[in-house]
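A short write-up of the structure that comes next.
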Amino acid sequence: MPSEASLIDIKFMKILDLNLDHYSEFELLYELGFRFYTNDKNVKFYLNIDKTENGKTIIETFQGEREIYFFSLWKGYYSSISNEFINNYDYNSLPQFIKNYNEGKGWDDDDDFDLITNDEIDWLISKLNILKLKNENIADNLLDGDIDCISDLINFLMYVKVNDMELRISQY
């Protein structure tokens with residue numbers, strides 16, 4: 001876990017100072033992505049969601065719109081992380097959003113977003129730190145070479161935690 005000094009630094013930094021994008025380079029390849037959405041607890045969570053003529057959902061929300069921010073990552077990164085958790089931890093101890101996705105329950109590209117609890121945020125930060133340490137010195141690591149995604153996700157989650165914000169996840 002970060003030191004108390006670094007927690008203070010995180011508390012007073014601006015969310016847009018964080019690297020929130022680990023997806024855009026894959027978007028051009030029409031790859032799926034995931035977003036962790038965050039907002040202050042006194043801000044109503046609402047995204048701009050439209051349907052195309054063929055019924056596909058399009059989320060057209062921009063960073064900071066209605067005071068909602070998001071960390072985006074490529075599906076391959078998310079799948080590698082969640083598979084690592086599923087394969088190495090007791091399934092019942094996993095955060096509900098990981099189990100929901102694994103079981104095909106909700107939170108795909110519609111308006112069904114899993115609200116992630118503070119305990120799940122703590123669990124995720126802890127396990128991501130372990131995963132990061134495990135993979136930092138492995139040339140062929142679990143995240144196809146992008147350990148920065150884990151580091152940036154940990155920083156984002158720490159920001160959400162120390163600022164007591166809500167957190168949701170969805171595929172898009």
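In region 47-62, the count of residues that are part of a strand (DSSP E or B), at pLDDT 75 or above, polar (S, T, N, Q) and within 14 Å of F113 (Cβ to Cβ) is zero. A residue that is in a helix (DSSP H, G or I) and modelled with pLDDT of 90 or more occurs nowhere in region 139-148.
Of all residues in region 29-42, those that are in a loop (DSSP other than H, G, I, E, B) have Cβ atoms under 8 Å from Cβ atoms of residues that are open to solvent by 60 Å² or more (accessible area, probe 1.4 Å), 6 or more apart or on another chain, in E31/K75; L32/K75; K41/D164.
If the condition is being open to solvent by 30 Å² or more (accessible area, probe 1.4 Å) and either closer than 21 Å to S80 by Cα or touching a residue at least 60 places away in the same chain (Cβ under 8 Å) (or both), then region 153-172 contributes N155, V162, N163, D164, E166, R168, Y172.
Within this structure, K134 fails the test of being at pLDDT below 80 and either within 26 Å of E31 (Cβ to Cβ) or more than 13 Å from the chain's Cα centre (by Cα) (or both).
Within region 82-97, does at least one residue satisfy the condition of being farther than 17 Å from W123 by Cα, at pLDDT 90 or above and not in a helix (DSSP H, G or I)? Among the residues of region 82-97, not one is farther than 17 Å from W123 by Cα, at pLDDT 90 or above and not in a helix (DSSP H, G or I), which makes the answer no. Candidates are the residues of region 1-46 that are surrounded by 13 or more Cβ atoms within 10 Å (Cβ to Cβ), modelled with pLDDT of 75 or more and aliphatic (A, V, I, L, M); the one that is nearest to F97 (Cα to Cα) is L32.
The values are calculated or read from the model by the stated rules, or taken from the named source; none is laboratory data. Being a predicted model, the structure only gives us computed values, none of them experimental. No Cβ is skipped: glycine too gets one built from the backbone with ideal geometry, and neighbour counts run over all protein chains shown. For the accessible areas, the whole protein counts, side chains as well, though only heavy atoms, and no ligand, DNA or RNA atoms are used. Shrake-Rupley method; radii C 1.70, N 1.55, O 1.52, S 1.80 Å.
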